[in-house]
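Coordinate-derived values only; no laboratory data. Keep in mind the model is a prediction, meaning the values are calculated, not measured. Ideal geometry is used to build each Cβ from the backbone, glycine not excepted, and the neighbour counts take in all protein chains shown.
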Amino acid sequence: MKPLYGGIEAGGTKFVCAVASGPDDIRAEERFPTTTPEETIARALAFFEQQGGGQAIQAVGIASFGPIDPDPRSPTFGYVTNTPKPHWAHTDFAGAVRRALGVPVGFDTDVNVAALGEGRWGAAQGLDTFIYLTIGTGIGGGAVINGELAHGLMHPEMGHTRIPHDWQADPFPGSCSVHGDCWEGLAAGPALEARWKQRGETLPPDHPAWALEADYLAYGVSNLVLVLSPQRVIMGGGVMEQAHLFPMVRRRVQEILNGYVKSPALLEEIDSYIVPPLLGNRAGVLGAIALAERAAQRATAQRA
Ligand code: ZN
């Protein structure tokens with residue numbers, strides 16, 4: 001019998017919970033709105049207690065909106081920390097699940113977990129160092145480095161790095177409430193919409209908005225390629241559903257790097273280097289299942 005895991009994709013507006021052993025064996029799935037922590041976590045727990053068909057869940061993985069504490073050595077591991085989201089600041093999310101279900105719990109950022117899912121079953125299978133970017137209402141990035149999720153001080157905040165901004169070519173000041181024209185402030189969905197005064201999906205493919213967008217995305221990706229040396233870059237999120245962006249971003253990354261990184265991945269193989277996610281909108285919840293699998297394996301290794 002395949003071991004079963006629970007996964008929670010905890011978003012700011014909705015939760016997706018699933019019980020599965022993998023993408024081809026999802027036993028149950030439920031989604032519901034994110035309200036208070038008490039009510040929402042209780043609903044997730046009730047779901048897990050009812051599912052599995054009598055087979056026990058081995059572990060639970062949580063992909064959480066942030067900011068969070070993903071460091072297992074920290075006293076506030078598993079907490080949603082200083083989020084502006086009402087009621088959720090300083091919530092012991094992973095602890096509540098662990099105490100109620102009595103199983104190991106993995107806890108990480110939504111983008112780190114999506115990266116893990118793509119590594120386990122999606123577009124980064126077989127690789128040990130890669131990044132997953134989501135370009136949507138914000139820009140977030142998760143990283144697997146030498147097989148481990150990137151944490152460190154807190155967790156990476158790739159969307160708030162800086163990229164060149166030519167104020168004459170693009171007088172839009174940026175939409176990030178903290179930095180103005182950081183990468184997210186210039187290139188996330190809300191920036192695209194505010195700059196051109198229409199929704200991104202209504203802009204035709206030959207609109208100049210897309211060349212500028214590809215330029216900004218390529219600057220951010222090039223920085224990450226230089227800093228982390230990923231073996232692949234996965235780009236998802238609502239903005240990247242405009243599939244015509246991919247060839248534009250790939251070409252601009254090549255131009256910006258100018259042949260400096262001498263790997264075939266960035267030269268003739270770039271089409272398989274900068275790619276969309278293979279798990280699509282399931283990356284979050286399947287990543288949470290992969291995180292649970294990891295948490296169960298670690299617990300077993302610790303007992304041994
Ligand atoms: Zn910012």
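For this structure, a couple of remarks:
- Neighbours of residue 120 by Cβ distance under 10 Å: Lys/Arg scored +1, Asp/Glu scored -1, total -1.
- Most fluctuating residue given options 160, 244, 151, as computed from a GNM of the chain linking Cα atoms under 10 Å: 244
- Loop-resident sites, segment 22-98, for trypsin sites (Lys or Arg not before Pro), counting at most 11 other Cβ within 10 Å (DSSP): 73
- Loop-resident sites, segment 139-202, for trypsin sites (Lys or Arg not before Pro), counting at most 14 other Cβ within 10 Å (DSSP): 162, 197, 199
- Counted charge near residue 10, where neighbours are those whose Cβ lies closer than 12 Å (Asp, Glu -1; Lys, Arg +1): +1
- Once both labels are positioned 7 Å from their Cα atoms along Cα-to-Cβ, the gap between residue 169 and residue 125 label points is 3.9 nm.
- Fraction of antiparallel bridges per DSSP, segment 126-276 only, in percent to nearest 5: 60 percent
- Convex hull (Cα only) mean projected area of the chain, reported in nm² to one decimal: 16.5 nm²
- Remark on residue 278: its backbone amide H falls under 5 Å from those of 123, a criterion applied only to residues 5 or more positions apart or on other chains, H modelled at 1.01 Å from N.
- Remark: spin-label model distance residue 207-residue 71 equals 4.3 nm, labels positioned 7 Å along the Cα→Cβ axis.
- The angle between the Cα long axis of helix 37-50 and the longest principal axis of the Cα atoms of the chain comes to about 60 degrees, rounded to the nearest 10.
- Mean separation of Cα contacts under 8 Å (6+ apart) over length of segment 126-276, as relative contact order %: 26 percent
- The C-alpha radius of gyration of segment 93-138, expressed as a fraction of 2.2 N^0.38 Å, stands at 1.45.
- Amide H contacts for residue 71 (H built 1.01 Å from N in the peptide plane; partners 5 or more residues away or on another chain; cut-off under 5 Å): 78.
- Between residue 49 and residue 157, residue separation times 0.36 nm minus the direct Cα-Cα distance comes to 35.4 nm.
- Of the trypsin sites (Lys or Arg not before Pro) found in segment 220-304, those that fall in a DSSP loop while having at most 14 other beta-carbon atoms within 10 Å are 262.
- Mean projection area, nm², convex hull over Cα of segment 110-168: 5.2 nm²
- Rg/Rh for segment 169-299, where both radii come from Cα atoms and Rh is the Kirkwood radius: 1.02
- In this structure, the amide hydrogen of residue 235, modeled 1.01 Å from its nitrogen in the peptide plane, lies closer than 5 angstrom to those of 133, 275, counting only residues at least 5 positions away or on a different chain.
- Size descriptors for segment 147-233: radius of gyration and Dmax over Cα atoms are 14.3, 43 Å.
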